[in-house]
1. Give all pairs with beta carbons closer than 8 Å in which a residue from segment 12-27 that is surrounded by 14 or more Cβ atoms within 10 Å (Cβ to Cβ) meets a residue that is part of a helix (DSSP H, G or I) and among the basic types (Lys, Arg); count only pairs at least 6 apart in sequence or on separate chains.
2. If I ask for residues that are without any contact (Cβ under 8 Å) to a residue 40 or more places away in the chain and surrounded by fewer than 21 Cβ atoms within 10 Å (Cβ to Cβ), which ones from segment 307-321 would you list?
3. For residues that are aromatic (Phe, Trp, Tyr), touching a Ser or Thr at 6+ places or on another chain (Cβ under 9 Å) and either under 24 Å from Asn88 (Cα atoms) or surrounded by 14 or more Cβ atoms within 10 Å (Cβ to Cβ) (or both), tally how many sit in segment 262-294.
4. Collect the residues in segment 222-261 that are free of Cβ contacts under 8 Å to residues at least 24 places away in the same chain and either surrounded by 13 or more Cβ atoms within 10 Å (Cβ to Cβ) or in a helix (DSSP H, G or I) (or both), keeping them in residue-number order.
5. Identify, by number, the condition in (1) surrounded by fewer than 20 Cβ atoms within 10 Å (Cβ to Cβ); (2) outside any loop (DSSP other than H, G, I, E, B); (3) touching a residue at least 12 places away in the same chain (Cβ under 8 Å); (4) not basic (Lys, Arg) that Leu297 doesn't meet.
6. Are any residues in segment 95-111 part of a helix (DSSP H, G or I), out of contact with any Asp or Glu (no Cβ under 8 Å at 6 or more places or on another chain) and buried (at least 19 other Cβ atoms within 10 Å of the Cβ), and if so, which ones?
7. I'd like to check something: does segment 27-44 contain any residue that is within 25 Å of the chain's Cα centre (by Cα), over 27 Å from Phe174 (Cα atoms) and modelled with pLDDT of 90 or more?
8. How many of the residues in segment 184-214 are part of a helix (DSSP H, G or I) and either of a type in the set (S, T, N, Q) or in contact with a Gly (Cβ under 8 Å, 6 or more places away or on another chain) (or both)?
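The values are calculated or read from the model by the stated rules, or taken from the named source; none is laboratory data. Remember, it's a predicted structure, so these values are computed and weren't measured experimentally. Every residue, glycine as well, gets a Cβ built from its backbone with ideal geometry; the counts of neighbours run over all protein chains shown.
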Amino acid sequence: MPRPWYRKLLENRWLGGLLIALLGGLIILTAKQYQKIEAAGSAGQERRGSMLVADKSVTDTRILNDYEDFYVVGRLYREGDILAAYRNDYLMAAQKRFTGAQTFMPWAYPPQITALVPLLPKLGLGLSYLLFAGGTLALFFAVLSRFGANHAGAGLLAVFPALVLNARLGQNGFLTAALIGLFLLVFRKRNDAAGIPLGLMVIKPHLGVAIGLLALLDRRWKVLAIAIAVVVITSLGATLVLGVGVWPAFFGGVGDAGGYLRAGLYPLYRMSSVYAGVRSFDLPANSAFVVHIAVALVVLVLVTAAFLRRWPANRLMALAAVATVFISPYNYDYDYAVLAIAVSLVLPELLDRIRFAELAAFYALCWIGSGAGLAQHFHAVLLARTTEHPHGSSLNWSFQAIGVIAASALAAFVLRRTPTEVPSMRAEPRGV
């Protein structure tokens, strides 16, 4: 029986190559625009327009990109005030000097990231962005392909809006997804080196909770010890670069960020957590936190139950990848790049069972999860021709978590239709 056309489309290496080429072209275009911004700044000219829209006729409001925020913080090191980046009033003034417009983009990254961003101004805005975005995209695709080169394109397609945001904004979703993927690849081989990418997730520790749970459940003490050692070593390195004072500054910034989250000052329509979804529909912050914590606990229980029931390797890894984005209330759509790994892992089984209408619904739900925030931004900027909302959108609804939960439920429903004989993650001695 010949394969249906949609299976031929999704199980094809050229699909991944095409999507990566599109993202690479977007990165090159953005790098050139950054070079123009840098040149205009050097010439003392006014820098206007939104990088996300790239059309001055639409809006003259200069919207600070995420990568530019990294760059601004890096410049503060040269000025001797990088620890002040954790004080939002100081950072906002620095951001305004860079863009000419007021921006709300607080800094709460761990000291390990803060110690690295001073390298960016040494290379320049355009070149440093090109190396970071291009390099992390290449690493992400290389890791994703290891889960099945013929299925990487289908994974990329499922969360393509989130990948566009990572490329355009210069965010670190490619990097965190690659680290999570590396952990799963090495952990499955029962190699203790899995502790290295697990430890490096200190750059965004909330995204490492679910995969850390796998190591704990499987009693992989050497993996956990190596991860702790990586955290300690990188912490000491950051302290040597920035000084002991970075730690109280960091914890102060984290406390402030929690207050901003509770007050609803972050762009909820771009946030992808359950908390953001509940909060965006005007429910109180306390209620949103309760719902979020409940869902996070359910997700961790599901991972535990799947491990104890000896789920097949691909399903357990996919569940762990999905679980990473449900732990923290502070989660953004660009973090959904990791879901490409989950889709790639279960795609062969899905295609053996799924009907075309269900497959279309699955991808639609994935796009709602990864693209709802981007759609709301363009609704405001391109259609309403306004950026009066402090976050650039007249809407402020978060549908991302709903889309991913619904897509996951649909996949689980389809996968239950007929059992598949695949090697268990615990078929090997003691666990994964």
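1. The qualifying pairs are Leu26/Arg168.
2. Hit for segment 307-321 is Arg309, nothing else.
3. Here the count works out to 2.
4. Correct list: Val232, Ile233, Leu236, Leu240, Pro248, Phe251, Gly255, Gly258, Gly259.
5. (3)
6. The one that is part of a helix (DSSP H, G or I), out of contact with any Asp or Glu (no Cβ under 8 Å at 6 or more places or on another chain) and buried (at least 19 other Cβ atoms within 10 Å of the Cβ): Pro111.
7. Within segment 27-44, none of the residues are within 25 Å of the chain's Cα centre (by Cα), over 27 Å from Phe174 (Cα atoms) and modelled with pLDDT of 90 or more.
8. Residues flagged as part of a helix (DSSP H, G or I) and either of a type in the set (S, T, N, Q) or in contact with a Gly (Cβ under 8 Å, 6 or more places away or on another chain) (or both) within segment 184-214 amount to 3.
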